[in-house]
Amino acid sequence: MLQTAFNGFVTGIIVTLPALAITLLFGVLKFPNFAVGAMMTLAAYMVFTLNVQLGWPLIAATAVGAVAFGGLLIAVDYLTFKPLRERGSITLMVASLGLGFVLENIARLAYGNTARSFAIELARPFRFLDIRMNREQMIIIGVSTLAMLAMYVLLTRMPIGRAMRAVSDNPALALVRGIESPRIIRWTWFIAGLLLAVGGVLIGMDRALEPPMGSSYLIAVFAAAILGGLGSPLGAFVGALIIGMVSELSTLVMPPNYRIGIPLCAIALILVFRPQGLFGQPYIRK
Amino acid sequence: MKKFTRRKVLKTLGAAAVTPLAAPFLNLAHAQGATIPIGVALPMTGNAGAYGPDMAEAAKRTVAKINGGGGILGGRKLELFIEDSESSASVAANLSQKFINVHKCQSLVGYWGTPEGMSSRPIAIQNKAVLMVSSAANAITEGDTQGYVWRFQMKATDWGIVIGRAVQGLGYKTIGVMGLQNAFVLPIMKNVEESVKKAGRTVTDSLIYNPEQPSYRAEVERIFGKKPDAVCCFGLLPDFVSIMKEVYRGGFDSKVVALSIMADAEGKFVEAVGAQVAEGIRHFQPMPDTSAAAYKKFTRLMGAPEDKLFLFPPNTHDQIAVTAMAMEKARSPIAADWSKQIIPVCNGPGENIDDVVDALKLIRAGKAINFSGAGSTCDFTPNGDQLGRGMGQWIIKGGKSVFVEYAKP
Amino acid sequence: MISFLILISIVVCFSAILALALNFQWGLGGMVNFGLAGLYALGAYSCALLMLRAGANTFFATVGAMIIVAAVCGIVAFVTLRVTEEDYFAIVTLGVGEMLRLVALNEDWLTKGALGLTGIPRPLGDVVPPQYYQYFLLALSVALLLGTLWFLNALARSPFGRVMRAVREDDVVAATLGKHVLWARVRIFAIGGAFIGLAGSLHAFYYQYIDPTQFSNIVIAYAFMAVIAGGRGAHRGTILGAAVVMLLLEGSRFVKDLIPGIDSDQLAAIRIIIIGVGLIMLLIYKPQGFLREYRLQVDLK
């Protein structure tokens, strides 16, 4: 059972980065972005191009790919969401749905439907405290933790991070203080892009690269963000871990093919009992 | 004013959408009495997209050969309409309708996947056209097909029997089974489990998983965690790639038995996971009898070396050949007539013949024949299943699939 | 060829009914339904199972399917909207849709799982002679489409419709005016659900074979495209939108006949990219769609 818990921990860790991206985007842009799954997919494929087709080592490929993807998201936002900024979250949601289809199928168009893998060596596991762990899981845990720490520093210590939080909490007041919304929005998308790209690479390492890979995580990612409280980075982290572990542990008592029901039930339960999640603030519209 | 402009735009869009539909009207090639149309639905995209192109090529070359040898029914040529079924049931159903209603086909061939076959079956029967599939699921030929549905493939239950027997032959005592939630996997799984149990071995655990799951860690943990001697895994390429990576990273030692569409897929599996992960995996696939003369003729037709293994294209060749021969024998292109001639032409009794052009000559001369095709001896049961098909077994060593043996149920 | 056009028209009809349902829930009710594919599957499976397992005839099976989907929609709306914002609602509907499809795929004791349900009877399939059946089905589909249109339009113009629009525009104000917001929304979503069930039933009748792969998320993209193109809230526009989308889809199959160079793999992806991009561009540039919503004309003199 300890093994299952550990597996769940790893699954949860993978979800933390996209959950964080969603929560940041929601905080600043005020709508849930349904394209994040497809964004992770496309970013992972971009890194794949650098890694497998051009032969770069995975770390370099991820670093460059993530930055490029962050830039790409700024452009995507400019074309897609900026014109719709004043229209309300529902329109933005539908647009994000359409965007998700477009991005996923661009990946499909460019790379085909077959499953691919990054050019890294798979390794056999080692045992630690009677739990099987392997090198890739260590990498995943390490990278995610680093990313979380970086985000923490960013949001609490650095001016841009504080500005993001200000805009997230109260855009009008932030404007009065001279914090320029469009600049913050661009930075938010860039950082979200970094997170999603790294998240996509981790998924690709964990599983395989194929067009539906990101979308299959969509529900779990949303559940994690909602559980933690949309808008709270710490919540995203905690929420993701909880969702991951509960999902894996559930396989001990129920058939594994309904695993996806766990995040869904989580969403339903949270919405009924505590809509702001664990760490979020009750969101008051208008 | 604005309203008027918007209406105009919508009308233009609508006209643009409708224009492609004019295409068939431009295609006047088959004026009555000229060519005989055959509809070919093959997966060029989707799950089974890897297999379509070769099957299409086989169809084209077979038709070229028949037309070059004088065609049928007094010199009429066969004409193919090849379309992508996208490995989808509803697409295939629409295609079948299109073949029958627009192109006036009386023979629908190809149909690699079970969903395509299942959805097109009622259409074919209702419209009295012959449907020839290359899929395994039992349900396709169940019930009353009125002689319009013919399977050019080994039935799913037979797959299970052969694999089960092989697994016992390899001496595995404890076996885990996992399968994809998919129409043709389930009968295979059931039969493998049954035959294993009958031989006194133990099935340690068995489960079903969904396609496109974020991770298969839990499934692998459950089945492989019990440390059976071997695990039979039946599914498709994408999930198998994830599963085998998990197996390797989890350090599990059970031997893995799978199907060639997952573990080989024209080399894509080894490409995706690397030689080390793939080492020792055995995979099975129904295959033609490569030692038969008919098969060797087929490889020559395809312009390939004699030892090249074609799993499915020989079936497409046979489907077209049988269509042509049955039509010739019935002296009619109407399916209601020639569907009754499929068994006489394929099962005999008559002269054994494996070349379609020669067979047509014999039929025209009024002789009885027993056709043997590239994919199999083409002997059918009354409800449309093929007899005498066998299965190949391979094992992956050093990143390459090495042939082990050919066995029949 | 005529036969083929008739069959495509039938598909346009039930796709249009689906789009109308979405338009009703979203365009008029302001509730985004991302679980459309799963609910559509629920309608088709309910209808088929009622006929195949419970021996109902096509009429009662259709009505049954409509009731089942309406009930599910009502429950989802009630549970979710009681406590939360519309953003979460979309996520919940996505989740519900996914669960429904998972159930259809996995509970094979009920739905035969991936194998699908075959041999689905058609309305009056035994009565109408086979060579005329497609005309009958077309007539029936068109009749049902017009009936749906009439019903939903009547609702939109009724006092209930005014409540819906008030709730959609500003639910706080509507509540202060004494309108029971939650109950109105539940009813809207449920009524829309009934017509999703109707569309699903027609789908089952047309194909006579349903399996889980027919109800993928692409359905949602098409339906939203149809609604947006036609103009949110404008029912006639939605039908036109649905027709155009369907014709584009089916028509693009013939493009391959004209231009042999295109790879089918790429064509499938390109089609979806066009739909997605079209959706976004329509939202940006033509949010009102191509036909305008019915609005009460007030003469200011």
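Okay, here's what the table says:
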{"item": "Residue A:208 of a type in the set (A, V, I, L, M) and facing chain B (nearest Cβ under 9 Å)", "result": "yes"}
{"item": "Among the candidates B:241, B:257, B:192, B:196, residue that is under 29 Å from the mean Cα position of the chain (by Cα) and part of a strand (DSSP E or B)", "result": "B:257"}
{"item": "Qualifying residue in the stretch B:47-65 (condition: in a loop (DSSP other than H, G, I, E, B), of a type in the set (A, V, I, L, M, F, W, C) and modelled with pLDDT under 50)", "result": "no"}
{"item": "Exclusive hit being within 21 Å of the chain's Cα centre (by Cα), at the interface with another protein chain (Cβ under 8 Å from one of its Cβ atoms) and surrounded by fewer than 19 Cβ atoms within 10 Å (Cβ to Cβ), set A:255, A:275", "result": "A:275"}
{"item": "Those helices (runs of 4 or more DSSP H) lying entirely in the stretch C:45-138 with at least 2 residues more than 18 Å from residue A:265 (Cβ to Cβ) and without any contact (Cβ under 8 Å) to a residue 12 or more places away in the chain", "result": "C:58-81, C:108-111"}
{"item": "Matching residues in the stretch A:158-188 - criterion: being among the hydrophobic types (A, V, I, L, M, F, W, C), modelled with pLDDT under 75 and surrounded by fewer than 14 Cβ atoms within 10 Å (Cβ to Cβ)", "result": "A:172, A:173, A:175, A:176"}
{"item": "Residue ID - surrounded by the most Cβ atoms within 10 Å (Cβ to Cβ), chosen from residues in the stretch B:125-141 that are within 12 Å of chain C (Cβ to nearest Cβ) and among the polar types (S, T, N, Q)", "result": "B:135"}
{"item": "Flag if residue B:254 is over 28 Å from residue A:38 (Cα atoms) and either among the hydroxyl-bearing types (Ser, Thr, Tyr) or within 11 Å of another protein chain (Cβ to nearest Cβ) (or both)", "result": "yes"}
{"item": "Qualifying helices (runs of 4 or more DSSP H) (wholly inside the stretch B:289-366; at least 1 residues being surrounded by fewer than 21 Cβ atoms within 10 Å (Cβ to Cβ))", "result": "B:293-301, B:335-338, B:342-347, B:356-364"}
{"item": "Those residues of the stretch A:105-140 which are in a helix (DSSP H, G or I) and either more than 8 Å from chain C (Cβ to nearest Cβ) or polar (S, T, N, Q) (or both), in sequence order", "result": "A:105, A:107, A:110, A:111, A:135, A:136, A:137, A:138, A:139, A:140"}
{"item": "Flag for residue C:256 being part of a helix (DSSP H, G or I) and at pLDDT below 70", "result": "yes"}
{"item": "Qualifying position, being at pLDDT below 90 and away from chain A (no Cβ under 14 Å), among C:54, C:90, C:65", "result": "C:54"}
{"item": "Residue count, the stretch B:267-285 (criterion: over 10 Å from residue B:401 (Cα atoms) and within 26 Å of the chain's Cα centre (by Cα))", "result": "7"}
{"item": "Options B:87, B:120; residue that is part of a loop (DSSP other than H, G, I, E, B) and closer than 24 Å to residue B:236 by Cβ", "result": "B:87"}
{"item": "Hits in the stretch B:62-118 (condition: of a type in the set (D, E, K, R), closer than 17 Å to residue B:356 by Cβ and touching a strand residue (DSSP E or B) at 6+ places or on another chain (Cβ under 8 Å))", "result": "B:76, B:77, B:79"}
{"item": "Set C:113, C:97: member being within 11 Å of chain A (Cβ to nearest Cβ), touching a Leu at 6+ places or on another chain (Cβ under 7 Å) and more than 9 Å from residue C:38 (Cβ to Cβ)", "result": "C:113"}
{"item": "Filter result (touching a helix residue (DSSP H, G or I) at 6+ places or on another chain (Cβ under 8 Å) and touching a residue at least 24 places away in the same chain (Cβ under 8 Å)) within the stretch B:333-343", "result": "B:333, B:338, B:339, B:340, B:342"}
{"item": "Filter pass, residue A:198 being among the aliphatic types (A, V, I, L, M) and surrounded by fewer than 22 Cβ atoms within 10 Å (Cβ to Cβ)", "result": "no"}
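Yes/no per residue for (1) more than 10 Å from every other protein chain (Cβ to nearest Cβ); (2) at pLDDT 90 or above; (3) under 16 Å from the mean Cα position of the chain (by Cα):
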residue: B:93; (1), (2), (3): no, no, no
residue: B:106; (1), (2), (3): yes, yes, no
residue: B:110; (1), (2), (3): yes, yes, yes
residue: B:123; (1), (2), (3): no, no, no
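The values are calculated or read from the model by the stated rules, or taken from the named source; none is laboratory data. Here the structure is a predicted model, which means the values were calculated and not measured. Because the Cβ atoms are built from the backbone with ideal geometry, glycine has one as well, and the counts that use them run over all protein chains shown.
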